[in-house]
Structure formats: structure tokens, C-alpha cells
Amino acid sequence: MALTRCEAVVIRTYPLGDTSRIAVLYSREFGLVRGVAKGARGPKSPFGAGLEPLSVVEVVLYRKDGRDLDLLAKVDVIADWRSPDLARVSHAQAVLEFVDRLVHEVEPDPRLYALVKHALSVLAVVPEDTLPAVTLAFQLHASALLGYAIECARCAGCGAEPAGRFAPTTGGAVCARCAEGEPMVALASAGALAGLALLAQTPIDALDTAARALPRAGEMLRLVELHLKSHVMKFNGFRSLAFLLSIEGAAA
């Protein structure tokens, strides 16, 4: 059992026994980490607010080889992106859910970690009507880093002009010819496909200035989810999606 230190984003926590919690953290060095925080639920918790989701923390932990759970020794808050704004928090939670459900513990990726941090920092400050654009850009860039890139600028099958069809098993928008024989094809508006193509090409570090209101954001969110359902085993969709679609500015 080795004592180590890392930087991480708090994804979620859940109770363990009467006084402890299990924290799910996404770290730069180790990918997803699940650690036991002993006494975290007690009246004199040594962790304070350090285990709140949407916090960036420096963690001291005991890594246990061959064990599913590590032991958290100390947590110090570096940044806290919680907000009283429901829409802002909902979009930030969608970023956390993406990591929680699609990233595996054995996949540390400094690029994805930096993307998560940057998306959360941008969501904390951009105008509310641009929140869906940031969330979608994060999903598109993160999907590409995980090997599930979505092609919407041209037909994912042959490179021709797309024809209002989206075939997730092929990898995105398709022309009428390539849509024939596909096991699953969804209708997609030209505006949604163009918006996804633009966001996929927007550098993530330019999001705070490039983000804009998206009239077809709800449709775009559904297409990204459909794509990931087709490529990620046991992924049945985002719990946060229905709520995001109910927020003004994210409806199709």
C-alpha cells in the first residue's frame, strides 16, 4: 500500500456505513479513483467540503494494489465550481456524468482530464444561453478522445454530402445511399448536423469566446447520446439528458 498524491475532480460520493463515504474522483494521474473517506459523514469530518461534486481537489491517498477501493487520507480544495444557478449546475453535472459512465478506471488520460477541467471552468462563467454549446462541445471532444468521434460535416460512410440522416453505427451523418441497409438511422436536421460539425472543429480552449446559443441543441444532445449508445457497451443513456432538455435554451 503506497501513499501518493494527485489532483482530481470530485464526480460523486455515496454513503458507506454510518460515518464514512466512498468518493468517485477523476484524477489526472490515475483516471477514475474510488476511495474510502473514513469519518466523512461524522459531525467532525476531517474532509470538510472537500468531497463536494464539482470541486477540484488535491488528494493524499493510500493506493492498494489489486483492490477496488483506495483509502483517502487528506483532501484539499483547489477550486469549487458549484453554483446556485440550476441550469449552470445541471450542465456541469452532465460533464461529471459523462466521465462517470463512459471512462474506465484503467484509462488515465491527461488530455481528457484537462478537457473536463476546462469545460467545468467555462460552464461556470459563460452566458446561460450558451451552456448547451459548451456541454455539446465537451461531449464531442471527449468522445473523440475515447475513440468514438462523430462525423457530421460529411457522410461518415463515403464522404459525400449528408442527406438529413444520422447512422450511429457508421459514425455520424450519412448520405441517402449509405443510409440504405443501416440497422439504425435517425432523421437529423441540417441545422443540427451543421452545429455538431462546427462544435467538433472548435478548439476547446476557444469555447468561452466561441460558444453561442443553439436553436437545435436538444436534437443535437439526442444525436450524441444515440451515437454513444451504439458504441459503448452497457451504456443506456444519460440520466441528465431529460433534465437538460427541459431547461430553457436546450429544447429542440
What does the range 44-130 give for Rg and for Dmax, in Å, if only its C-alpha atoms count? 14.6, 46
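Might you report the magnitude of the Cβ-based charge dipole of the chain about its Cα centre, with Lys and Arg at +1 and Asp and Glu at -1, to the nearest 20 debye? Please report the intermediate quantities before stating the final value.
Numbers: 26 positive and 27 negative charges, 111 e Å.
I would put it at about 540 debye.
Could you work out the relative contact order of the range 122-252, using alpha carbon pairs under 8 angstrom and six or more residues apart, expressed as a whole percent? Could the numbers behind the result be given before it?
Values: 208 pairs, mean separation 35.1, N = 131.
It comes to 27 percent, rounded to a whole number.
Could you tell me which of the pairs Lys38/Lys64; Lys44/Lys74; Lys64/Lys234 are separated by over 21 angstrom between their Cα atoms in the structure shown? Can you show the working numbers first?
Details: Lys38/Lys64 16 Å; Lys44/Lys74 14 Å; Lys64/Lys234 27 Å.
Flagged as over cut-off: Lys64/Lys234.
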Find the centroid of the Cα atoms in the range 48-102 and in the range 138-181, then give the distance between the two in whole Å. 33 Å
Per residue solvent-accessible surface (Å²) - the chain, probe of 1.4 Å: 46 Å²
Net charge dipole size for the range 29-117 [Lys, Arg +1 and Asp, Glu -1 on Cβ; Debye, nearest 20]: 320 debye
Pick from Ala167, Ala200, Ala186: which is most flexible by mean-square fluctuation in a GNM of the chain where alpha carbon atoms under 10 Å apart are linked? Ala186
Considering Cα pairs under 8 angstrom that are at least six residues apart, work out the relative contact order of the chain and quote it in whole percent. 15 percent
When the gyration tensor of the chain is built from Cα positions, what are the square roots of 5 times its three eigenvalues, in whole Å, from largest to smallest? 36, 19, 15
How much net charge surrounds Tyr14 when only the other residues with a Cβ under 11 Å from the Cβ of Tyr14 are counted, with Lys and Arg +1 and Asp and Glu -1? +4
Measure off 7 Å from each Cα along the Cα-to-Cβ vector at Asp65 and Lys229, then give the distance between these two points in nanometres to one decimal. 4.3 nm
Given Ala133, Thr202, Ala79, which one lies farthest toward the positive end of the charge dipole of the chain, if we put +1 on the Cβ of every Lys and Arg and -1 on the Cβ of every Asp and Glu? Ala79
Less than 10 Å Cβ to Cβ from Val33, Lys/Arg counted +1 and Asp/Glu -1: what total charge do the surrounding residues give? -1
Taking only the alpha carbons of the range 1-97, the radius of gyration and the largest Cα-Cα distance, Dmax, both in angstrom, are 13.1, 42
If the elastic network links every pair of Cα atoms under 10 Å, which of Leu86, Leu54, Leu214 fluctuates the most in the Gaussian network model of the chain? Leu86
If we count every other residue with Cβ under 10 angstrom of Lys74's Cβ, Lys/Arg +1 and Asp/Glu -1, where does the sum land? -1
Fraction of accessible area attributable to carbon and sulfur, the chain (%, probe 1.4 Å): 52 percent
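The values are calculated or read from the model by the stated rules, or taken from the named source; none is laboratory data. Nothing here was measured: the structure is a model prediction, and the numbers come from that model. Cβ coordinates were reconstructed from backbone atoms using ideal geometry, including for glycine residues, and neighbour counts include every protein chain displayed. Only protein heavy atoms, including side chains, enter the accessible area calculation; ligands, DNA and RNA are left aside. Shrake-Rupley method; radii C 1.70, N 1.55, O 1.52, S 1.80 Å.
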